[in-house]
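All remarks here apply to the structure that follows.
The values are calculated or read from the model by the stated rules, or taken from the named source; none is laboratory data. Quick caveat, the model's predicted, so the values are computed rather than measured. Using ideal geometry, Cβ is built from the backbone for each residue, glycine included, and neighbour counts are taken over all protein chains shown. Keep in mind that these areas ignore ligands, DNA and RNA; they rest on the heavy atoms of the full protein, side chains included. Shrake-Rupley method; radii C 1.70, N 1.55, O 1.52, S 1.80 Å.
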Amino acid sequence: MNRERFIRQRRNDWQQFETLLTGMKNRRLSRWSGHDITRLSGLYRSVCYDLSLVQSREWGARLEQYLNDLVAQGHNCLYRSPPRSLDTALKFLSQGFPQLLRARRHFFFVSLALFVVPFVISMVIAAIDPVMAERIIDRTHMEQAGENYSGDLYQNIDAKFAEERSFMTGFYVWNNVGIAFRCFALGVFFGVGTVITLLFNGIMLGAVTGYIINQGFADNFFSFAISHGSFELTAIVISGAAGLLLGWGMIHPGELSRRESLRVHGIDAIKLASGAGFMLVIAALIEGYFSPMALPHSVKYVVGTMLWALVFVYLVHGGRETTDAGTTIDSHRRRFSTAHSAENAE
Amino acid sequence: MSEKLIVDTRVTVETPEGVDFQFMIAGPGKRGMSFLIDTILKLGVVVVCLLLVTTLAGISGEIPGIGAGIVLVTWFAMSWMYGSCFEAFWNGQTPGKKSQNLRVVRTNGTPIGWFEAFGRNLLLVADGMLVLGPLALNTVGLLSMAATRRMQRLGDLVFDTMVIDETREFISRTAGITYGVDRLRRSECNGRFHVPERTLAVIERLFEGDRLISDGRREEIARTLSRALRVRLDFQEPGPDPRNPNTYFVQTPLKHTTFLKRVLKTFSDDPDGRATESEEDIEDLAIDIIDETTADMARPDSPPENQLGELTAGAPDLTNSMPGVTQQDSGPLDGRPS
């Protein structure tokens, strides 16, 4: 078999493969016919074989590049990520996400502490001494925040929000989910960005809350915030946990290489962040439509408490009945150890 | 050889079929361009949405809250979900990337999944950080790209992805080999100014970078072909330059090698577009190669082609004498999967 005969013999297959590829590349997987798939994969394998033959016999760089391109395209066409459906997304949210969060609960608790401790401290300070609060936040902002929850306005809160509910919902999605995602992404700088974001938000929210308590609007404020707070605050803490996880992957790779560690922790982190994003969208809907409703405070407290219980049950028991999938790092370890033992057995 | 550092934007990936093939990594230029296009598109969508809402509001009198909400949600979707959704649904491409023929894949060459697409796009926040001032956009990402072999920004590093360039173009195959060598001038040759593709391929193989032969040995191998080619082209070796004869004597020990390099440069980079073929040309590449060789072999009668016959017949011998080269005619194609 010399080069010319080889080319003459294989040329038809290459052209067939190429036309087949261009036809199938941009088509949805479900529209591929079985016949095409069989042909494509058969041709792909033979083109791979041709490439390795040309490589080993060094039949010229042009031919090699031509085949290399064919293989690269075929590879991208055949090896796809498994198609994701709504079903997988729902399964992830209902089971995978809470499972993962439980597996990574240490990060959740650290993030919780980073958020709650400054929150409580600045709240207590602001509640005792509003002058201190004004040092944290601008006076005018503070007063506006106070006014929002003062008695008079609160009576009309439904009227005031009625036309703006959708606007506010949009605003909450834009603002809060943005904060959560940023909180996650900045974790890549060894977790520093995440820690700062958590502390900053904790202090700010604490100051506002303390000031409002100091002004005596606590009842209005808490009845408003309790319902969406369930999803919102938890989600912020979870996105903080995701950011910390990312930073941890950088700081402490453990038994993995730093590269591998980043990859393993990164996937878990982004899963947590996606879950947090989802929770924040729910929170935005509650905050936009339910929280400002003119209902008796007692009703809001009851609903709010139920929502907190719901979040708790969701995160603590979600996906318990199915076998625990574990974290990416666990599956990695398992794979590694089985490969290792197989090697040893040999 | 060891002092030569290979600077290359290609990454080799092994397929499950056990074949190595190469991806070209996309550089900051193309990625910047696609980033720009995507940014303009994102802004465009938000502006269009805003205009729609305001015109509708203009009819009814005031900006409805729901309209403002839609604008904000659109803004959110564009700034956070645009890249992720496109990359997840379009197999690693956004409109900007598509326009530049770029694609995001995992570093092992397989397509990215949803979480990777989502994650690497969220990390744009970190990559887009300004370090040196407002003009230095994306500094972190650029630094990270400069520091990694696969030109990965932080988002790529964390999620184990890379951006590849799918543009199918041939880099001049002689790049590097013929650097600093002049083309042959027509005035230097009295014969037919043409060298068949097949001979060029032989020369090319002689110079392939990984061949571990010394310059002296290469010169020895080059001599046979060089002499035959000199006769065929009727090449007149220029005498020493009277102003600087020293150069001539320095170059003479490698004169056959240099000559072959010049031939390669002249005939493979010729303005007919051999080196930079368009897409259609590439599809016909296989046919090209055959046509050339069969045409050369089909005309053995005319005198210059006779010489060519000698040359190409000499070629296998030449390669046989080179170490580490398998004989061309060895072995049938056994075990081909059908």
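At-a-glance table
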item	result
Computed FRET value (nearest 0.05) for residue A:120 with residue B:99, which takes r as the C-beta separation and R₀ as 51 Å	0.50
Order of exposure, largest accessible area first, which applies to A:255, B:204 with probe 1.4 Å	A:255, B:204
Average partner coverage of A:170-176, which counts Cβ from other chains inside 10 Å	6
Rounded accessible area of residue B:158 (nearest 10 Å², 1.4 Å probe)	0
For the stretch B:92-107, Karplus couplings with θ = phi - 60° (6.51, -1.76, 1.60), whole Hz, Gly/Pro x	x, 10, 10, x, x, 5, 4, 5, 9, 6, 9, 8, 8, 9, 5, 5
Two-site FRET efficiency, residue B:179 against residue B:224, from Cβ-Cβ distance with R₀ of 25 Å, rounded to 0.05	0.55
The stretch B:10-165 - percent of accessible surface contributed by carbon and sulfur, probe 1.4 Å	71
Peptide A:186-194 - average C-beta neighbours from other chains (10 Å radius)	3
Most to least packed among A:263-269, A:133-139 [average Cβ atoms within 10 Å]	A:263-269, A:133-139
Share of carbon and sulfur in the accessible heavy-atom surface of the stretch A:3-78 [1.4 Å probe, %]	46
Distance (nanometres) between label positions extended 7 Å along Cα→Cβ at residue A:129 and residue A:79	6.4
Cα-projected label distance for residue B:192 with residue A:282, points at 7 Å along beta-carbon direction, nm	8.0
Surface share of carbon and sulfur [accessible, 1.4 angstrom probe, percent] for the stretch A:87-335	67
Unsatisfied cross-links (Cα-Cα over 30 Å) in the set A:271/B:42; B:30/B:265; A:25/B:265; A:25/B:30; A:25/B:42; A:271/B:97	A:25/B:265
Projected label distance in nm at residue B:146 and residue A:299, using a 7 Å step from Cα toward the beta-carbon	6.2
Residue-wise HN-Hα coupling along the stretch B:257-265, computed from phi with Karplus coefficients 6.51, -1.76, 1.60 (Hz; x: Gly, Pro)	4, 4, 4, 4, 4, 5, 4, 4, 5
Accessible area in the full protein assembly, largest first, 1.4 Å probe, for A:94, A:227, A:166	A:94, A:166, A:227
Computed accessible area, residue A:231, all protein chains, 1.4 angstrom probe, square angstrom	20
Where B meets A: accessible area buried, both sides, 1.4 Å probe, Å²	6800
